[in-house]
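Since every read-out is calculated from the coordinates, none of them should be taken as a lab result. Note that the structure is predicted; figures quoted are calculated from it, not measured. Please note: Cβ atoms are built from the backbone with ideal geometry, for glycine as well, and neighbour counts cover all protein chains shown.
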2 protein chains.
Amino acid sequence: MTIETAIEALRKLLGDRLSTNAAVLEQHGQNEAYYPTTPPDAVAFPEHTDEVSEIVKICGAHDCPVIAFGTGTSLEGHHLAVQGGISLDMSRMNTVLAINSADMDVVVQPGVSRNQLNEDLRATGLFFPVDPGANASLGGMAATRASGTTAVRYGTMRENVMALEVVLADGSIIRTGSRARKSSAGYDLTRLMVGSEGTLGIITELTLRLHGQSEAVSAATCAFPDIEAAVNTVISTIQSGIQMARIELIDANMVRGFNIADGTSLPEAPHLFVEFHGSPPAVKEQAEQFGGIVSEYGGSDFKWSNRPEERNALWKMRHNAYYAHKALAPDLRAMATDICVPISRLAEAIDFAVSKSAALDLTATIIGHVGDGNFHCALSFDPDDKAQFARVQDFMHQLAKLAISLNGTVSGEHGIGIGKIKYMAEEHGEALNTMRRIKRALDPQNILNPGKILPASNL
Amino acid sequence: MTIETAIEALRKLLGDRLSTNAAVLEQHGQNEAYYPTTPPDAVAFPEHTDEVSEIVKICGAHDCPVIAFGTGTSLEGHHLAVQGGISLDMSRMNTVLAINSADMDVVVQPGVSRNQLNEDLRATGLFFPVDPGANASLGGMAATRASGTTAVRYGTMRENVMALEVVLADGSIIRTGSRARKSSAGYDLTRLMVGSEGTLGIITELTLRLHGQSEAVSAATCAFPDIEAAVNTVISTIQSGIQMARIELIDANMVRGFNIADGTSLPEAPHLFVEFHGSPPAVKEQAEQFGGIVSEYGGSDFKWSNRPEERNALWKMRHNAYYAHKALAPDLRAMATDICVPISRLAEAIDFAVSKSAALDLTATIIGHVGDGNFHCALSFDPDDKAQFARVQDFMHQLAKLAISLNGTVSGEHGIGIGKIKYMAEEHGEALNTMRRIKRALDPQNILNPGKILPASNL
């Protein structure tokens, strides 16, 4: 009944698809944030759902943690083996199983990446909109309730996952939801699994909602004299009901990062990157209305991208923002906030982040999916400088507290993992006990990704 | 430890806000569907959340069922006291607590009705779109995951509830969600509570998402030579990506019901009732595209309603469809299916419903929120004629089976209650056990609306 005996049993099941190779363990224990490398004891590479079920049953029998692994691009340490155990690498389950164009949905295995899916969809006129920065796996995106630049228009994984197949802690395989657009038939297990970070079950299949590619798409960048002007433009735009497909805030430092990492020559001022989707007249109308608000707040230097390759380059640059931040201070680690607040409190929250981060005198950038009230303030720091690290953590802490006090959330899209676990009690209060009860009911042994989401106290 | 001792204790707490008056009990035991009147043992009228908590604690201490009651307009017997106990009438908790126009959200008590809310919102330019036929309470609508004619554009209660305050079975009060537009911070308890029909907790406050009233709104009715033509028009419209705000199918019998109940003189042929929301050019463009599809399928007799009072009359008629069905056979009871299927299977499902219901030789109508793949086939029957009742039930059964086989759901929007409980195992398979585990974890005594959603077998 140990991790070691679990590995023995798993090796019998999987042969060389169970690895204890040091490089493989290391790769599954790394992360793109600031956490120390935390490798698992072994990595399993399942090829189908029944195998996942068998693996989980073996882990259960041996009291061995099992941690689903997508692409390892999490920023909150979701996939780190903090209590050891088996990393369940889903990359071999990467088949697009069915494209139902007429119903605008698709059935995929969890290891399919968002880019792979959109490549496969290209000929259909449909696309899957959810776009976190990384080319993450769809299973990982569902597990962390990911979103990205298009959530303001198309929603997050919460709105775009229709149904799931899930292996539970006892190895049983369930199907949640259906391909119907709506249902009132019982508890919403799909939404319970989305965002549960592999702590309630292992996602082995997803049915996703697709959207029609718009006839007209128009993207633009525009510069502002200061960040307040950019933020006020966002607030006015959202409140006026203009249907944005994307509206992203980029502060002057981040623009400098883009110029370094991407070789662009944008003016080093706060920017908005926006996109409109619709029919040609609708896009024209929305863009004109938006242009009116921009000039009201002193925005300028409008650059329109109507050619797909220009737009792709723009959003690729935006998606790589985290790496562009790192390019500003290549030898340091980065930590990013992820708060999300009601849009009416956005200016206040960004103000706070700007002034407090400036006082730290570190490399700091602000970017955000501001149409949702969600933004990231990233700070570079030297992990060996304990005093500096403490100051950075204190900043993160103040911002998290602010988000909660503004009726927002400490995590708009990055998730809890191990990084935000300390805020769960404050954000959720008594409801945290309800989460614990659900966890205990579905995973009484606590073998599924232990040490994530729920503070350790009494689990 | 009985219902009687619970009533004694509750009387001490509530005084004359606990009623055992026969007429009051009767009123809370009635229903608009075909179930026998099933009164509770007492009706409590709480006035605030702490009182709900106290009531639930007393019920727990005395092992007494407690059943939240909104307006009693459920069609699946959700509020019937099948195991006796206390009906918790939320009608006194009917205050709109905060309208946050800038954030496009609102905080309400559960007893606020959808019409009351929209009255209160009128001056803001915002509205709450979810519109089941009845003027239901928002608490009841959330508890049953209600939708209506506008779900195709604005979503159901699943998409429009942002946060909840809930009293759990042990009397603890939790808050789920926040006023942020999105969050990745832990399990989605909001979505777990939405649609749980009062079996996991009592909703005592709701934060709801609002939408901007469109600059232009245009509604129309059009007639078709047969129901296939109408259904094919819907499928082509949805697949072509035209953004409908409403698209409702009405069969010829239902039109006759409207003509009787509402004094209209629509041609007795299958109709679509549609509505477009947007800017004036967008509405014009969508309406023209739709008109093209309609004529392709032989539709005619287009009647446009651009004046608000005409549109209101149209949708009021549609909302009262269940009562118009009853007007066709005033002395009988009605039973309605509520299946929802992928849009590509809608023609097949409606075909099946038309031919099978015709063979029964009963008053039958078909209406539906067909843009979502959801439709209702209502049948009138004499509850005293057991053979006839069995035939009607067999029809319902066949349609439910069909929905499941088409990867759909037995309930698009009416919920499970007691009426659809027999299909839960077939629709959800092993996932039903997961629902049971959650129920047991949150309500181990099974005092919250017992006998609903989950089949009795081992709960």
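Between copies, A:D331 shows label-point distances of 9.4 nm, shortest first, with the point placed 7 angstrom from Cα along Cα to C-beta.
Check each of the GluC sites (Glu not before Pro) in segment B:384-454 and keep only those in coil by DSSP with at most 14 other C-beta atoms within 10 angstrom; list them in order. Before the final figure, lay out each step's value.
Values: sites: B:E413, B:E426, B:E427, B:E430; in loops: B:E413, B:E430.
When the GluC sites (Glu not before Pro) of segment B:384-454 are filtered for loop state and at most 14 Cβ neighbours within 10 Å, B:E430 remain.
Comparing Cα centroids, segment A:98-114 and segment B:258-336 end up 35 angstrom apart. Calculated on C-alpha atoms, the gyration radius of segment B:214-324 divided by its Kirkwood radius gives an Rg/Rh of 0.95.
Using the alpha-carbon positions of segment A:285-390, Rg (one decimal) and Dmax (whole number) come out as 16.6, 53 Å. Here the scattering of segment A:149-218 is modelled by Debye summation over its C-alpha atoms, one equal scatterer each and no solvent; at q = 0.18, 0.20 Å⁻¹ the log10 of I(q)/I(0) is -0.73, -0.86. When only alpha carbons of the protein assembly as shown are considered, Rg and Dmax amount to 27.5, 83 Å. Checking Cβ-Cβ separations below 4.7 Å across chain B identifies B:C222, B:C340, B:C377 as cysteines lacking any candidate disulfide partner. Using only the alpha-carbon atoms, how far is helix B:227-239 inclined from the longest principal axis of chain B? Give it as 0 to 90 degrees, nearest 10. Compared with the principal axis, the helix lies near 80 degrees.
Looking at segment A:159-236, which GluC sites (Glu not before Pro) are in a loop (DSSP not H, G, I, E or B) and have at most 14 other Cβ atoms within 10 Å?
Details: sites: A:E159, A:E165, A:E197, A:E205, A:E215, A:E228; in loops: A:E197, A:E215.
Hits after loop and neighbour filter: A:E215.
What is the Cα radius of gyration of chain A over 2.2 N^0.38 Å, N being its residue count?
0.98
Dipole magnitude of segment A:299-434 about its Cα centre, charges +1 at Lys/Arg Cβ and -1 at Asp/Glu Cβ only, in debye to the nearest 20? Numbers along the way, then the final one.
Values: 14 positive and 17 negative charges, 54 e Å.
Its charge dipole is roughly 260 debye.
Segment B:189-225 and segment A:156-234 have their alpha-carbon centroids 19 Å apart. Principal axis analysis of the Cα atoms in segment B:329-420 yields extents of 37, 27, 22 Å, listed in decreasing size. Given the C-alpha centroids of segment A:382-422 and segment B:394-453, what is the distance between them in whole angstrom? Cα centroid to Cα centroid, the span is 41 Å.
The spread of Cα positions in segment B:1-127, taken along each principal axis and listed from longest to shortest, comes to 50, 35, 21 Å.
With equal scatterers on the alpha carbons only and no solvent term, can you work out the Debye log10 of I(q)/I(0) for segment A:96-212 at 0.10, 0.21, 0.23, 0.24 1/Å? The calculated log intensity ratios at q = 0.10, 0.21, 0.23, 0.24 Å⁻¹ are -0.26, -1.19, -1.42, -1.54.
Positive end of the dipole of the protein assembly as shown (Cβ unit charges, origin at the Cα centre): among B:Q27, B:A441, A:A403, the Cα lying farthest that way belongs to B:A441.
Here the relative contact order of chain B, from alpha carbon pairs under 8 Å that lie six or more residues apart, stands at 16 percent.
Placing unit charges on C-beta atoms (Lys and Arg positive, Asp and Glu negative, everything else neutral), compute the dipole magnitude of chain A about its Cα centre in debye, rounded to 20.
Roughly 720 debye, rounded to the nearest 20.
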